[in-house]
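Scroll down for the structure; my scribbles are underneath it.
The values are calculated or read from the model by the stated rules, or taken from the named source; none is laboratory data. Please read these numbers as outputs of a predicted model, since none were measured by experiment. So basically every Cβ, Gly included, is an ideal-geometry build from the backbone, and we count neighbours across all protein chains shown. Protein only, heavy atoms only, side chains kept; ligands, DNA and RNA dropped before computing areas. Shrake-Rupley method; radii C 1.70, N 1.55, O 1.52, S 1.80 Å.
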Amino acid sequence: MPEVCQYAREKGIGVWVYVNQRALYQQLDELLPLYKQWGISGIKFGFVQIGNQQWSTWLHNAVAKCAEYEIMVDIHDEYRPTGLSRTYPNLLTQEGIRGNEEMPDADHNTLLPFTRFLCGPADYTLCYFNSRVKNTKGHQLAMAAVYYSPLQFLFWYDNPYPRGWDSSELQFWRDCPTVFYESIALDGRPGEFIIQARRSGQDWFVGCMTNTEGRTVSIPTDFLAPGRYTVDIYNDDPMLNTRTKVSTTQRTINVTSNHRRRGQGRDSITLTLQPSGGAALHFRSVSR
């Protein structure tokens, strides 16, 4: 493992380990210095018990101990945010959500931005190529912008290099960060659809997700500062003869209105979303 961690660091990658709660409970004080010595970056706590005083106290103390060893934490299973990450920011994210382990439908997924995600970041464990996913590839792609989590598992239940790994639309996931400077909910209705925009530096990432019904959505651009932008648009296209059936297009827009003054020089982008579908957009500023 030390060799694996060293090789990963040379590539700019951190190594996380997924550890059963039983082992953590029995051996945490022995494991943490060993993981620190190896160069482990973080631990995903697995199969945790929550709710009563004993296990909640143990779990919070475990997060504090991980902080002492500069090890980040992701808590799996039913734990929900309690505000502990304000004291221990090494607690990056937690599950407490019915994510892709349960393979929910798009009705469920379009409720989450208005419910669970109001409490804090969630480890939904995104999937892409797994055959059990009930929603389109565009729907899954958009989750990286819609669902906030400083640690994102993007290919849960997938092989390291599945067929289609080089699909062009995956560039959105390569470009989209996990933390942002600013977030704006552009439109949506609980259980129907969501349009979420997030900014990193000068770039904006927008995710659109609909429920099990197809719909046409209008994405406003007046949240952008005035200027010229290229927009990479990734949207479901059932007519494509590809495995993922996601189109990749690019267009240029000019934003002339005053920043966020709705109705002046508004130039919206209209997209058709497939049933259980979605779209992802990446805005890049090319002039000021």
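Within region 134-154, how many residues turn out to be open to solvent by 20 Å² or more (accessible area, probe 1.4 Å), modelled with pLDDT of 95 or more and assigned to a loop (DSSP other than H, G, I, E, B)?
Taking region 134-154 as the starting set, the residues that turn out to be open to solvent by 20 Å² or more (accessible area, probe 1.4 Å) are 134, 136-137, 148, 150-154.
With modelled with pLDDT of 95 or more added as a condition, the list becomes 134, 136-137, 148, 150-151.
Applying the additional criterion that residues be assigned to a loop (DSSP other than H, G, I, E, B) yields 134, 136, 148, 150-151.
Looking only at that region, the number is 5.
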message: Given the criteria buried (at least 18 other Cβ atoms within 10 Å of the Cβ) and out of contact with any Cys (no Cβ under 6 Å at 6 or more places or on another chain), does LYS36 qualify?
response: no
query: Could you list, in sequence order, the residues of region 25-45 that are among the aromatic types (Phe, Trp, Tyr), in a helix (DSSP H, G or I) and in contact with a Phe, Trp or Tyr (Cβ under 9 Å, 6 or more places away or on another chain)?
result: TYR25, TYR35
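Taking the residues in region 159-206 that are of a type in the set (Gly, Ala, Ser) and outside any loop (DSSP other than H, G, I, E, B) as candidates, determine which candidate is least open to solvent (accessible area, probe 1.4 Å).
Going residue by residue through region 159-206, those that are of a type in the set (Gly, Ala, Ser) are 164, 167-168, 183, 185, 188, 191, 197, 200-201.
Next, from what is left, pick out any that are outside any loop (DSSP other than H, G, I, E, B): 168, 183, 185, 188, 197, 200.
Values: SER168: 69, SER183: 64, ALA185: 72, GLY188: 25, ALA197: 0, SER200: 34 Å².
This residue is ALA197.
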Residue pairs meeting the criteria (Cβ under 7 Å; at least 6 apart or on separate chains; first at positive phi, in region 249-269; second open to solvent by 60 Å² or more (accessible area, probe 1.4 Å) and modelled with pLDDT under 95): GLY265/THR256
Subset of region 68-93 [open to solvent by 10 Å² or more (accessible area, probe 1.4 Å) and within 15 Å of the chain's Cα centre (by Cα)]: LEU92
- request: Please determine, by comparing only the residues of region 207-258 that are of a type in the set (Lys, Arg) and not in a strand (DSSP E or B), which one is most open to solvent (accessible area, probe 1.4 Å).
  value: ARG243
